[in-house]
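What follows is a short report on a single structure.
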Amino acid sequence: MEDQLKVAIIQSNLIWEKPKKNRKLFSEKIESIITPVDLIVLPEMFTSGFTMNAAAVAETMDGKSVEWMKKMALQTGVAIVGSLIIQEAGKFYNRLLFVEPSGLITTYNKRHTFTLAGEDKVFSAGSEKVIVEYKGWKICPLVCYDLRFPVWARNTEDYDALIYVANWPKPRILPWDILLKARAIENMCYVIGVNRVGLDEAENEYTGHSAVYDVLGNPVTILRPNKEHIEIAVLDRHHITYYRNKLKFLDDKDAFILT
């Protein structure tokens, strides 16, 4: 068990529906990280952008992008997190992969498909919340639109950190900022939000605002908007333990069962 978890968040533009070019782009960015880290977080649909043209870019779990993630994790000795369009059993999923250097892969299928963009008509929704245990840290990985649904993220598993990977557009960036902070406060955990920048082929503009917040909602780091950038944040277990023991807010949480 490690007292600190060093996380590199990569705020980047994405090349529309070009997995090979995006893999090359992120290979270069990952290789530029010279500070030792434990975890690297990429945006949602990092090989394609947030496209509903799933059939054109979907891959399988044996595909090149999953193999690339395994290769990069092994090569760097660092876990890699990001979501891809995965086809499985005749269905498409917006699937987050948490790939460890050992080759172990934990997957999470986005629960809340974004109806405003028609994601629900193309992608099948996930039904299982996932907790990853990595280096003694319990991490709950979620995807973009999941951020708007606090019940799904509620900390009933005593996790230490939430991760949101996203393609969250400029017109609604204020809720992104506010809800990341809210999820940290209400769950007394670190929250890591990684969003893309740039303009996609559907004329959606993305301004980033990637950030990490501590259990009190204080910013550990906030990346400059509209800039491609890599930032390293240090998560401290003592910070979590101290404030949970002092304030005990999670002891008063409501009990519920999701159906």
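Given axes a ≥ b ≥ c from the Cα gyration tensor, I'd like to know whether region 4-252 is rounded (a/c under 1.5), prolate (a/b larger than b/c) or oblate. Numbers along the way, then the final one.
On the way: a/c = 1.45, a/b = 1.32, b/c = 1.10.
Rounded is the answer for region 4-252, as its axis ratio a/c remains below 1.5.
What are the membrane-span-like helices in the chain by this rule: whole DSSP H runs, Cα extent along the axis at least 20 Å, mean Kyte-Doolittle hydropathy at least -1.0? Let's see the in-between values first.
Numbers: long enough: 173-187 (21 Å, 0.47).
The answer, listed by residue number, is 173-187.
Here's the list of aspartates and glutamates a cross-link from residue 91 could span, going by alpha-carbon distance under 13 Å and ignoring same-chain residues fewer than 8 apart: 59, 119, 120.
Quote to one decimal, in nm, the extra length available between residue 259 and residue 116 on full extension: 0.36 nm per residue of separation minus the C-alpha distance between them. Mind dumping the intermediate values first?
Values: separation 143, 0.36 × 143 = 51.48 nm, distance 2.38 nm.
So the extension gain works out to 49.1 nm.
For residue 135, list the aspartates and glutamates whose Cα falls under 18 Å from its own Cα; do not include residues on the same chain fewer than 8 positions away. The qualifying aspartates and glutamates are 2, 3, 38, 100, 157, 158, 160, 236. FRET efficiency for the pair residue 28 and residue 67, taken as 1/(1 + (r/R0)^6) with r the Cβ-Cβ distance and R0 = 30 Å, rounds to 0.95.
In this structure, residue 6 and residue 247 have a Cβ-Cβ separation that, at R0 = 30 Å, corresponds to a calculated FRET efficiency of about 0.70. Measuring from centroid to centroid over Cα atoms, what is the spacing of region 92-108 and region 152-228 in Å? Using only Cα atoms to place each centre, the spacing works out to 20 Å.
If each DSSP helix of 4+ residues adds -39,500 (n - 2.57) and the sum is divided by the residues in the chain, what number results at 222 nm, nearest 500 deg cm²/dmol? The partial results should precede the final answer.
Details: 7 runs with 64 residues, N = 259.
My calculation for the chain gives -7000 deg cm²/dmol from helical runs alone.
Placing a label point 7 Å from the Cα of residue 149 along the Cα-to-Cβ line, the residues of region 237-257 whose backbone N sits under 18 Å from it are 256-257.
Laboratory data are not the source of any read-out in this text; all were calculated from the coordinates shown. Note that this is a predicted model, so its numbers are computed, not measured. Neighbour counts run over all protein chains shown; Cβ positions are idealised from the backbone, glycine included.
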